[in-house]
Amino acid sequence: MYALEFPKYMNAKIPIVVDGKFAVGMEFSSRKTIIMAMKDYTIRRGVDYWVYESEPLTFYAKCTQYGSGCDWLTRVSMISRNYYWVIRRYNGSHTCTRATISQDHSKLDSNTIAEIIKPLVEVDPSIKVKSVIAEVQSKFNYTISYRKASLAKKNSMEKIFGGWKVSYKVLPI
């Protein structure tokens, strides 16, 4: 069974996740995919984490309320002989809730939003910033600022089409 919430993040070898939750042994193709999956997980649940340890071959994250009632933590390591990342330690779902209700989430940064809206920008590069805000609102139930949405659109455009330097090099002389 594939992870309901993380199908694009999982490596197809070992589909372990049940009900969209992480599990020990779950595999990811890269460090970037595990971080995106963790951000997606925490944003959707309205909880947060902080990076406890970040080394080239390991990634260790804990709940921001770890030790104060929530024991959520995860440790992910790279298996160098197979070139994939595996969850080595996981204490289960968050048992906390955020102390304050906010319109924004700390993990919902412009780069994360850029990855989310990339398919929309590919289809319509002239997409309005207000449409980006509406998309994030519908997916995560957070209202981001106009500035953050604008930066996300710009980042997404650069990832798809390249920056100004690439465009300049393509011009005929």
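The values are calculated or read from the model by the stated rules, or taken from the named source; none is laboratory data. Small disclaimer: the values here were computed from a predicted structure and weren't measured. We place every Cβ from the backbone using ideal geometry, glycine too, and count neighbours over all the protein chains shown.
Would you mind finding the one in Ile133, Ile144, Ile87 that is in contact with a Gly (Cβ under 8 Å, 6 or more places away or on another chain) and either buried (at least 18 other Cβ atoms within 10 Å of the Cβ) or in the same structural domain as Leu57 (by TED's automatic domain parsing) (or both)?
Ile87
Checking the conditions here, which among Val18, Val24 is outside the structural domain of Lys148 (by TED's automatic domain parsing), hydrophobic (A, V, I, L, M, F, W, C), modelled with pLDDT under 85 and outside any strand (DSSP E or B)?
Val18
Against the condition over 19 Å from the mean Cα position of the chain (by Cα), small (Gly, Ala, Ser) and at pLDDT below 85, how does Ser93 come out, does it pass?
In short, no.
Picking from Ile113, Ile87, which residue would you name as being under 29 Å from Gly162 (Cβ atoms), outside any loop (DSSP other than H, G, I, E, B), among the β-branched types (Val, Ile, Thr) and touching a Lys or Arg at 6+ places or on another chain (Cβ under 9 Å)?
Ile113
Could you check region 141-170 and list, in sequence order, the residues that are more than 20 Å from the chain's Cα centre (by Cα) and hydrophobic (A, V, I, L, M, F, W, C)?
Passing the criteria: Phe161, Trp164, Val166, Val170.
Test Lys32 against the criterion of being assigned to a helix (DSSP H, G or I), of a type outside the set (S, T, N, Q) and surrounded by fewer than 18 Cβ atoms within 10 Å (Cβ to Cβ), and give yes or no.
Taking the combined requirement at face value, the residue satisfies it.
Find the residue count for region 125-144, including only residues that are without any contact (Cβ under 8 Å) to a residue 60 or more places away in the chain and either closer than 12 Å to Ile43 by Cβ or assigned to a helix (DSSP H, G or I) (or both).
Count: 13.
Ser93 versus (1) assigned by TED's automatic domain parsing to the domain that holds Arg45; (2) surrounded by 12 or more Cβ atoms within 10 Å (Cβ to Cβ); (3) small (Gly, Ala, Ser); (4) more than 20 Å from Tyr49 (Cα to Cα): which is the lone unmet condition?
So Ser93 meets the others, but not (4).
Every residue in region 50-81 that is among the hydroxyl-bearing types (Ser, Thr, Tyr) and in contact (Cβ under 8 Å) with a residue 40 or more places away in the chain, please.
Listed by number, the list holds a single entry, Thr74.
Would you confirm whether any residue within region 153-165 is modelled with pLDDT under 90, out of contact with any Lys or Arg (no Cβ under 9 Å at 6 or more places or on another chain), closer than 18 Å to Lys39 by Cβ and not in a helix (DSSP H, G or I)?
No: zero hits.
Filter region 41-61 for residues that are at pLDDT 85 or above and in contact with an Asp or Glu (Cβ under 9 Å, 6 or more places away or on another chain) and give the result.
Selection gives Phe59, Tyr60, Ala61.
Scan region 40-78 for residues that are surrounded by 14 or more Cβ atoms within 10 Å (Cβ to Cβ) and assigned to a loop (DSSP other than H, G, I, E, B) and jot them down.
Answer for region 40-78, where residues must be surrounded by 14 or more Cβ atoms within 10 Å (Cβ to Cβ) and assigned to a loop (DSSP other than H, G, I, E, B): Gly46, Val47, Asp48, Thr64, Gln65, Asp71, Trp72.
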